[in-house]
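Okay, so here's the structure we're looking at.
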Amino acid sequence: MNTTEIGYNSKIEGNVVHTRLDTAVSWFRKNSIWPMPMGLACCGIELMAAGASRYDISRFGSEVMRFSPRQSDVMIVAGTVTYKMAMAVRRIYEQMPEPKWVIAMGACASSGGMYRSYATLQGVDRILPVDVYVSGCPPRPEALLEALMKLQDKISKEPHITDKKPARDRGLVLS
Amino acid sequence: MAEVRNIEISDSAVRSAEAIDELQDLQGEKMTLNMGPSHPATHGVLRLSLELDGEIITKADPEIGYLHRGDEKIAENMTYNQFIPYTDRLDYLAPLANNVAYALAVEKLLGVEDKLPERCKYIRVICCELARISAHLLGLGAFAMDVGALTVFLHTFNEREKIYNLIEALTGARFTTTYTRIGGLSRDLPEGWTGELGKFTKEVSVAIEEADKLLTRNKIFIDRTKGVGVISRDEAIDFGLTGPNLRGSNIEYDLRKAHPYLVYDQLDFDIPYGEVGDCYDRYLIRMEEMRQSVRILDQCITKLPNGPVNIDDGKIVLPDKQKVLSSMEELIHQFMLVTQGQNAPVGEVYFGAENPKGELGFYIFSKGGGVPYRMKIRAPSFVNLSILSHMLPGHMMSDIVAILGSLDFVMGECDR
Amino acid sequence: MTAKQLAKKIQSQFKTITSDAIEFRGEFTVGILDSNQISEVCCFAKEELAFDYLVDLCTIDNDDETPRWTVVYHMYSYKHFQHLRLKVSVSEEESKLPSVTSVWRTANWHEREAFDMMGIEFIGHPDLRRILMWEGYPYYPLRKDFPLAGKSSEMPDVAFTDPIPLEGGPFVTTSGGQDSAGREPRSRTPE
């Protein structure tokens, strides 16, 4: 895990930091990930518990859990995605501005879970590009926080200022 | 001398009211609003297609099915014990209560409900009441948060974390417990659990009083909920409402008193019921039900007997693992139960239990064997939601949130 | 009054179209032989016998037997505190029976779900459309000839379905237990 951490003592170095622009931007982005909670089923309750006072998710920067896709960075798909709901999830994903990431929380979102039936989408990665999968039924809030930290690692390694194509052209979107 | 003129200036409401009569033809059209499946205030994935005339709703059409996972079809392909995890995820706020209701339904089909040991019945009652407190805490917290009181939500979630600790010590999982088995429970209580439960009942009583102080005489809360979402007595029965929604409309009926199951006839508790049938009544009923559940829990802790926890029948309950590995008869029982399930008789049975949301019923039609031929889950939230298209027209748009919160439904149960 | 007496009252009112009440585990089931008169029977049950609460309305697919459909009505009376069950058989060619929405308004959504899952139509229903699946879904999922894995369908902009990977089906025993060999868990695929 090689990341360039920005840790400094302002008394020694003063209030000016020298670093690469890329590193600075990824530091900003990873420490203020605003989630769009797509709480569909039981995992949504554990998502709420992660946001409540005991497993405070706002310690990690996810302070604002507003249900507006236009203002969020990561979509946490928590719960079973059925075929009826799939188009709505896709539409909300399209409404999120770049850069965006997806956490598939729970067994149902990762792979359909124990619901092997005619009405359940076998994993949300059939319609969205997923960055982190969290296993569990439901995963403990600590597991969700670990997933958020893994996502933060991933964000810190991604290039941000280079000539980047949108997600569609990067071959990441399965249509 | 100048005369004094009497000038009358009416306020804007009066002026617009007079103007409407003259401007009939200039009235605006109705607006269609979609309160879509992903919405912070609908508890889960519910879609409401509303037709609005200004702020007043003229037509409301709820659309469900966004969480339909095919539970009933899956049930035709699982043995009775294999289906228990699916019952957890029906009303996922009170999974223990669903487990108990399902186990009782199958035990009624098998005809062994009288053979359950006393200890098992008392532990199941403790599980049901813990689940009731947990579900009402979240229901009230979410209701208060939607109406505007955010603090209550955080307080109730704190209490629910304590319940999660207890349940995790008992079953191994925070929720989605899969605790009961056909003919008993998966394991007995751990050491010292009843002491922890006694401590918890004292703490949760304090928390209920705190939430009470924050909400019950709060002017804003009363204004938003009193007189809103009134369900009359006849409507409540005709639409098949159950649970606190039914009791809000002046009907004193609770399955635990009317058709007692487990050991509810030996316990001492009251049934709260309301007068008017508005959102405020339903809120008060849920608060009082939590206090009565605490009362039941205290009685159960003192009355809990010792003894076995499972029925002593190798054809229904998995035998002790030590005996399975050393004795032939137990090995055969284990093999038959795991591969073919309990051999249920031909027949059909319906059992309804008093869940926190209402009457959760299981109708099992069996043609023999370990797999049901047809299982129908009578979900209280499915029936409670059907009243929306009748009740919402006439209310204002901001009342929707209060009504949805007071009906307290869970989409996992509604769509199955 | 007990459930047995209430069942007898229904039988005495509708002599020709009811069969004897069957008792199992303390519950009484009355069979109705003419599906076109179910609405009258339910109306009588509600008005005269005070069965004011329809607990559940369920449909069963009897696969190879005729008649194919069985519709089950669970009723409860808040006056007598008794349950009663009515069962009606409908043949596959007909697949229709009168709606009881005019008797109990709660039957509205129950009948929509029965139509959605089994394909039985209810005559006189105010708004018969699919409730759990989407409008335009071509199959009826709870029928016995519909596999658990589902079939593919495509409705652009609304929803799509794909058959799920079950690798031979759920390896589970069957109901209608014959002997022990017949009850062994096997892979099950319809037709």
- Comparing C:Val172, C:Val90, C:Val100, which has the greatest mean-square fluctuation in the GNM of chain C with Cα pairs linked when under 10 Å apart? C:Val172
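Going by C-beta contacts inside 10 Å, put B:Val228, C:Val41, B:Val152 in order with the fewest on the left. Mind showing how you got there, number by number?
Working: B:Val228 18, C:Val41 22, B:Val152 25.
Lowest count first: B:Val228, C:Val41, B:Val152.
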- Item | Helix axis angle, C:38-47 relative to chain C longest principal axis, alpha carbon, degrees | 50 degrees
- Query: Rule-of-thumb check for chain B: C-alpha Rg over 2.2 N^0.38 Å?
  - Reply: 1.16
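Contact order normalised by length for chain C, with contacts defined as Cα pairs under 8 Å and 6 or more residues apart; what percent is it?
Value for chain C: 14 percent.
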- Task: Name the residues whose placed amide hydrogens come within less than 5 Å of the amide hydrogen of A:Val102, ignoring near sequence neighbours (fewer than 5 apart) on the same chain.
- Result: A:Met75, A:Asp131, A:Val132
- Simple spin-label model, 7 Å along Cα-to-Cβ: A:Asn15 to C:Met1 in nm? 8.7 nm
- Query: Once amide H atoms are placed 1.01 Å from N in the peptide plane, what residues at a sequence separation of 5 or more from B:Ser386, or on another chain, have their amide H within under 5 Å of its amide H?
  - Reply: none
- At what distance in nm do the modelled label points of C:Arg25 and C:Lys79 sit from each other, each positioned 7 Å from its Cα along Cα→Cβ? 2.9 nm
- Here are some pairs, B:Lys315/B:Lys376; B:Lys315/C:Lys4; B:Lys115/B:Lys376; B:Lys108/C:Lys8; C:Lys15/C:Lys46; B:Lys73/C:Lys96; which of them have Cα atoms lying more than 29 Å apart in this structure? B:Lys315/C:Lys4
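What ranking do B:Phe365, B:Phe269, B:Phe143, B:Phe382 get, fewest neighbouring Cβ atoms within 10 angstrom at the top?
With the fewest neighbours first, B:Phe365, B:Phe269, B:Phe143, B:Phe382 line up as B:Phe269, B:Phe365, B:Phe382, B:Phe143.
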- Task: Starting from the alpha-carbon convex hull of the protein assembly as shown, give the projected area averaged over all orientations, in nm².
- Result: 47.3 nm²
- Helix A:141-157 vs. chain A, principal-axis angle (Cα, 0 to 90°, nearest 10): 50 degrees
- 23 Å Cα cut-off, lysine pairs counted over chain A (separation 8 or more, or different chains): 15
- Item | Cut-off under 5 Å, modelled amide H: who pairs with C:Val172 long-range | C:Arg186, C:Arg188
- With label points built 7 Å along Cα→Cβ from the Cα atoms of B:Asp312 and C:Ser187, find their separation and express it in nm. 4.4 nm
- Would you mind ranking B:Cys300, C:Cys43 so that the residue whose beta carbon has the fewest other beta carbons within 10 Å leads the list? C:Cys43, B:Cys300
- Would you list which aspartates and glutamates come within 15 Å of C:Lys79, measuring only between C-alpha atoms, while excluding same-chain residues fewer than 8 positions from it? B:Asp234, B:Asp238, B:Glu252, B:Asp254, C:Glu47, C:Glu48, C:Asp52
- Item | Value of [θ]222 nm, deg cm²/dmol, for chain A, DSSP H segments ≥ 4, -39500 (n - 2.57) each, nearest 500 | -10000 deg cm²/dmol
- Based on DSSP H assignment, which helices of chain B show an axial Cα extent of at least 24 Å together with a mean Kyte-Doolittle hydropathy greater than or equal to 0.5? B:118-147
- Treating the angle as unsigned and between 0 and 90°, give the value, to the nearest 10°, between the Cα long axis of helix C:107-118 and the longest Cα principal axis of chain C. 40 degrees
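Laboratory data are not the source of any read-out in this text; all were calculated from the coordinates shown. Only a predicted model underlies this, so the values are computations on that prediction, with no experimental measurement involved. Glycine also receives a Cβ, built like all others from the backbone with ideal geometry; neighbour counts cover every protein chain displayed.
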